[in-house]
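Only the coordinates and a few stated rules stand behind these numbers; no lab work does. Remember, predicted model here, so these are calculated numbers, not experimental data. Cβ atoms come from the backbone with ideal geometry, glycine included; neighbour counts cover every protein chain shown.
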Amino acid sequence: MIVTVVPRRRHADGSIIQALHEAQKIAFSPFVFQAVVTASRLGLFKALLEAPEGLDENTLARKTSQSTYAVGVLVDVLAAGGVLERSDAGNLRLTKTGECLALDPMTLVNLNFTADVCYRALAHLTESLQTGRPEGLRELGPWETIYPALSVLPEPAKTSWFAFDHYYSDRYLEKTARQLEEAFHPSVLYDIGGNTGKFAAACLRAMPQAQIGVIDLPEQCALAQANPQTAAYGARFETVPVNWLDSTALPTVSKPADILWMSQFLDCFSHEQAVSILKRAQTLLAPGGRIAVLECLTDTQPYEAAALSLAATSLYFTAVANGCSRFFRRANLEAILAEAGLVIEQKSDGYGVSHTLYVCRPAAKAEKR
């Protein structure tokens, strides 16, 4: 028998031990994740934060009313995962990573969103990729897509979904509303995909002369109408129901729009659906009107953590939300805008946490200027 010896390829970083370590972190990452969620919700993190000098396992168990077994198996995983550290005397403390998991608002909304909305659903990822449907949504309820069901999601998924959504949108609402007022002084603005009406409320405050509306699914329009912040403005606010997935659907608005605002809206649709929506939306514009698109782009992020978060959240769209959409790369979104017949007038990175703003005008109208 002739044995052929194939030279072993050297790992890129020169360390197969380090490569194996990273591989095991991925293989066992669900265990570490669930240990973090459990430790947080059982109060272990809180107890450790209240004891800067650290706690031994028995004291930690007593303070959290947990068994020593429960605390023991959790802290072993968390220490191996870099969330906790153990002193020579046996006291446990949170590492910097652990402090982020316990205290950082962004990390907390990401953690709860993953745990309560996505975790079980992601077990259906393979099926979703093969069928083009959100097969994991069945873990939450019997819907075709998640969007009509947002107001009736079971807890804690509902709270975690809205906390996640609002964390990444709320911080730019007031600033952006003021900037739109200063730049365009619109008489009519519609927020397409306006959800609960938070941005519409910010525009009502920033634009005292403007008629503001939300165009969304009937269920979301009902939420926006019930929002006290929009209801206070009476006739200056309206909602317009539409199901954009109906390729023939076109909302009936009271007045043509100077600004159509779409914040993290197009990423809820496939490439073809987004093009169709943008083409139909242009018929709602007044002469000189513009479409403003705010999106998170995976390839424009200054931090690796942000790029990872966006890429991972795309799998939420796949397995839970609709089965066919994602966060765009810059070239993908700009191709959609071009195919829809839009010309980009302004492009600004750095909005909110990780957003890019595009201000567009229909190409035919732009050429007549």
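Summary of computed values
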read-out	value
Sorted by Cβ density within 10 Å, fewest first, the residues I259, I26, I16	I26, I16, I259
Likely footprinting exposure, V109, V36, V152, fewest C-beta neighbours within 10 Å first	V152, V109, V36
For region 155-172 versus region 35-87, the gap between their alpha-carbon centres in whole angstrom	27 Å
Length gained when the stretch S187-E85 is fully extended (0.36 nm per residue, less Cα-Cα span)	30.9 nm
Projected label distance in nm at E334 and A231, using a 7 Å step from Cα toward the beta-carbon	4.5 nm
Residues of type lysines that K158 reaches as a straight line, Cα spacing below 23 Å, ignoring anything fewer than 8 places off in the same chain	K198
Mean separation of Cα contacts under 8 Å (6+ apart) over length of the chain, as relative contact order %	13 percent
Helix-only mean residue ellipticity at 222 nm for the chain, each DSSP H run of n ≥ 4 adding -39500 (n - 2.57), per residue, nearest 500	-13000 deg cm²/dmol
Which of E174, E139, E295, E155 has the fewest Cβ neighbours within 10 Å, and the rest in rising order	E155, E174, E139, E295
Sum of side-chain charges, Y147 neighbourhood, beta-carbon under 9 Å (Lys, Arg +1; Asp, Glu -1)	-2
Lysines whose Cα lies under 27 Å from that of K25, excluding same-chain neighbours fewer than 8 positions away	K46, K96
Cross-link partners of K255 among aspartates and glutamates (Cα-Cα below 13 Å; sequence separation of 8 or more within a chain)	E238
Estimated distance in nm for a label pair at V152 and A123, the labels positioned 7 Å out from Cα along Cα-to-Cβ	2.5 nm
